[in-house]
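As structure tokens, the structure follows; a few thoughts come after it.
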Amino acid sequence: MNSKNDLSLIIHTKNEEANIKECIMSARSIASEIIVVDMQSVDKTAILAKELEAKVYLVPDHNYADPVRNYAISKATKKWILILDADERISEKLSKQIEQIILADEYDVVAFPRKNIHFGQWIKHTAWWPDYQHRLFKKGFVKCPDVIHKRYKIKGRILELPPEEENSILHYQTKNSSDLVSKIDRYTSLEKYFENEGKFSFDDVLNYMDREFQWRFFEEKGYLDGMRGFVLSKFMEYYRFLVFVKYWEKHNYPEVCSPTQLKDIVQQRKQHLSGKGELSLIEKDHLNKIINSKFYKLWRIYCNNKDMILNIIKCLNGKKNS
């Protein structure tokens, strides 16, 4: 183990025997201390971690890592701390960059872009990139809230690495739909959105749910991730729906509005969405004329071949100047 870096690696685990070894090995060369905080795993997670010289601390099972992050930080004895989840990895190139950051000592906290893998593919849009995470910091400069999906409390000089693949933490987030459904079920049970809202109307509930798909698939260009972008956007819309359903269930199934109001609100939204999304016959005819025009066809040919065309122009200009 390399001892030149004053760095503690912290990993939070629960039944991660399939991931823990690769996670540790990805950062082992730059960490002089490895700390694994385990939430009552029933598999070989702790055994495998100890075999790789990790200090293993057993804590109560909170079903998510946030409540024990500060405890893990308190166990670190080094100046710098790197936090990884068991399904995350850092590349050899990023390891060297981390070494350089520690050696230069010009910053107190470092934010990394995170490369999220869903269904076996890097999701470059759908609000999953660059997905910045503050994971490298000096002890005392970051405090982790114990509430799910809350940002760290940070002080000091912050370095945000450019959103490039070589700077990213690799995150194997979901392998298949069963994996995603399981995570959604677990995390929505921990959400406190409606408790924090206090009073709200059914319109507020629908706004909370409906906005998600529009934001991810269109505004965050989820469509560029193909069918994965569509599926993930719909799943995250379902995530918000389930947050409300679990709140509703937990509070003994309250009627948020009267049955008549419920019908009217849903009907108005349905009419609004269908009217907004449907093109008129005149608009359709105009669109077809544009698509079938010679100019549009030439423009599409140029877009598909512009790199080759620009290279040819560049070569011709070079010959002309010589």
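The values are calculated or read from the model by the stated rules, or taken from the named source; none is laboratory data. Treat the numbers as computed from the prediction; the structure is a model and nothing was measured. Neighbour counts are summed over all protein chains in view; Cβ atoms, including those assigned to glycine, are modelled from backbone coordinates with ideal geometry.
Odds and ends about this structure:
- Segment 53-79 - residue that is among the β-branched types (Val, Ile, Thr) and surrounded by 14 or more Cβ atoms within 10 Å (Cβ to Cβ) and, of those, modelled with the highest pLDDT: Val56
- Helices (runs of 4 or more DSSP H) enclosed by segment 175-214 - at least 1 residues per element that are at pLDDT below 90: 193-197, 202-213
- Of note, Ser177 satisfies the criterion of being exposed (fewer than 12 other Cβ atoms within 10 Å of the Cβ) and of a type in the set (S, T, N, Q).
- Test: residue in segment 32-39 that is touching a Ser or Thr at 6+ places or on another chain (Cβ under 7 Å), among the polar types (S, T, N, Q), closer than 20 Å to His171 by Cβ and at pLDDT 95 or above: no
- Failed item in (1) aliphatic (A, V, I, L, M); (2) outside the structural domain of Lys270 (by TED's automatic domain parsing); (3) in contact with a Lys or Arg (Cβ under 9 Å, 6 or more places away or on another chain), with Met209 passing the rest: (2)
- Residue within segment 80-102 that is among the small types (Gly, Ala, Ser), crowded, with 20+ Cβ neighbours inside 10 Å, under 21 Å from Asp131 (Cβ atoms) and modelled with pLDDT under 95 present: no
- With respect to the conditions (1) in contact with a helix residue (DSSP H, G or I) (Cβ under 6 Å, 6 or more places away or on another chain); (2) in contact (Cβ under 8 Å) with a residue 60 or more places away in the chain; (3) not in a loop (DSSP other than H, G, I, E, B); (4) not hydroxyl-bearing (Ser, Thr, Tyr), Ala27 lacks only one, and its number is (1).
- Count of segment 141-162 residues which are exposed (fewer than 14 other Cβ atoms within 10 Å of the Cβ) and modelled with pLDDT of 95 or more: 3
- Among residues that are buried (at least 16 other Cβ atoms within 10 Å of the Cβ) and more than 25 Å from Tyr187 (Cβ to Cβ), Lys50 is not included.
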